[in-house]
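The values are calculated or read from the model by the stated rules, or taken from the named source; none is laboratory data. Here the structure is a predicted model, which is why all the values come from computation and not from measurement. Cβ atoms come from the backbone with ideal geometry, glycine included; neighbour counts cover every protein chain shown.
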Amino acid sequence: MKSSNFSKTAQSEIKLLLLYLNAGLDFQQVRDIINIEQASLKEYALHYYNESMFEVLSNYFSYKDLLNFIYETKSFEKKLKQETIKVFMYPLILYLLMYSLMLFFIIVLVPSLMNIITLFDISLTTLFLTRNILITLFVLLTLLNGAIISFTVLHLNEERCKVTINKLTKNQKFSILNEIITYQFAHMFNLLLSHGFSTKQALDLMRRGSENKRVSWLATLVTYNLEQGIPFEKSIELHQFDISFLSLLKLGIMNNQVTQLLITYLETTETKVFIKLKRIGSIIKLLTYTLIAILIIFMYQILLTPMSMMGSL
């Protein structure tokens, strides 16, 4: 997989190359204009895609159309990734800052204050209780962090990831997961249909030629149902799919407006998904702000109480 090659610069270069090609220039002419290293259009397009999947797609696309397909799919995935990172970046930085401050207080500041208190022979039960609560809170957050990291590492395994997605998408509480993977599936499905492929061809290309493993997996499940003789309208009734997608797709099949309704679905789902992601980000921010407030209260207690007691001596 060569997603790392698809930088913002590469994205702009591909867009410019496609504009020249659509204007009637051949690749060699464009190569000299914008200083492309690759010797052929095939080599250039292959630079941005998985080689085995590229070979599958090249049997159905011209190299120009294939480059356009790669540009559309990569741009879509890149935008989805960037928007998701944008939503969670600030809450994550805020959380890490709070966690670091808590670690500093527990390792450096609190022991120093406790040493001062011991020197003055001051007995402060409330202060020690506050310290213990702060340490307990830090341990709980550390365990939570460890659980999240472990979950992420374990689910780098694709098969384990599929099993978890399969379980979570059955639960309405995780409907955003259904919407995200359906959004990705619907985008590639619509893109292939707009290129003139039949439903069966589109599913086959998604199954064998998609770098997105979740899209490939869903296409495989639908294809399996079709191979069992199940009609398409029933074959797509997977619990992993968003219910709105299934309803619109069936309506599109009835009215022969599949492409138009898929575009409608993509537009509405994009808005809905990012609203939900922002809501989750807001919840994380709220929880982090609450933890910071608790941290400030605890530190105020730890700092102020011994100073007041020593001042009264």
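Structure above, values below:
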item	result
The stretch 196-208 residues that are assigned by TED's automatic domain parsing to the domain that holds residue 223 and at positive phi, paired with ones that are in a helix (DSSP H, G or I) and of a type in the set (Asp, Glu) (beta carbon under 8 Å, 6 or more apart)	none
Residues located in the stretch 74-91, provided they are surrounded by 15 or more Cβ atoms within 10 Å (Cβ to Cβ) and without any contact (Cβ under 8 Å) to a residue 12 or more places away in the chain	none
Output for the stretch 2-11, where each listed residue is among the hydroxyl-bearing types (Ser, Thr, Tyr) and not in a helix (DSSP H, G or I)	7
Check on residue 255, at pLDDT below 90 and either in the same structural domain as residue 183 (by TED's automatic domain parsing) or within 29 Å of the chain's Cα centre (by Cα) (or both)	yes
Leading residue by the ranking (surrounded by the fewest Cβ atoms within 10 Å (Cβ to Cβ)) among those in the stretch 217-233 that are touching a helix residue (DSSP H, G or I) at 6+ places or on another chain (Cβ under 7 Å) and under 23 Å from residue 174 (Cα atoms)	220
Index of the failed condition, residue 224 passing every other in (1) within 19 Å of the chain's Cα centre (by Cα); (2) modelled with pLDDT of 90 or more	(1)
Positions within the stretch 123-158 being in contact with a Ser or Thr (Cβ under 9 Å, 6 or more places away or on another chain) and modelled with pLDDT under 75, in sequence order	124, 126, 127, 130, 155
Lone qualifier among 262, 286 - being within 22 Å of the chain's Cα centre (by Cα), modelled with pLDDT of 85 or more, in the same structural domain as residue 133 (by TED's automatic domain parsing) and surrounded by 14 or more Cβ atoms within 10 Å (Cβ to Cβ)	262
When residues of the stretch 11-56 are limited to those that are closer than 28 Å to residue 204 by Cα and among the small types (Gly, Ala, Ser), the one surrounded by the most Cβ atoms within 10 Å (Cβ to Cβ)	45
Residue within the stretch 220-233 that is within 23 Å of residue 54 (Cβ to Cβ), outside the structural domain of residue 70 (by TED's automatic domain parsing), in contact with a Lys or Arg (Cβ under 6 Å, 6 or more places away or on another chain) and not in a loop (DSSP other than H, G, I, E, B) present	yes
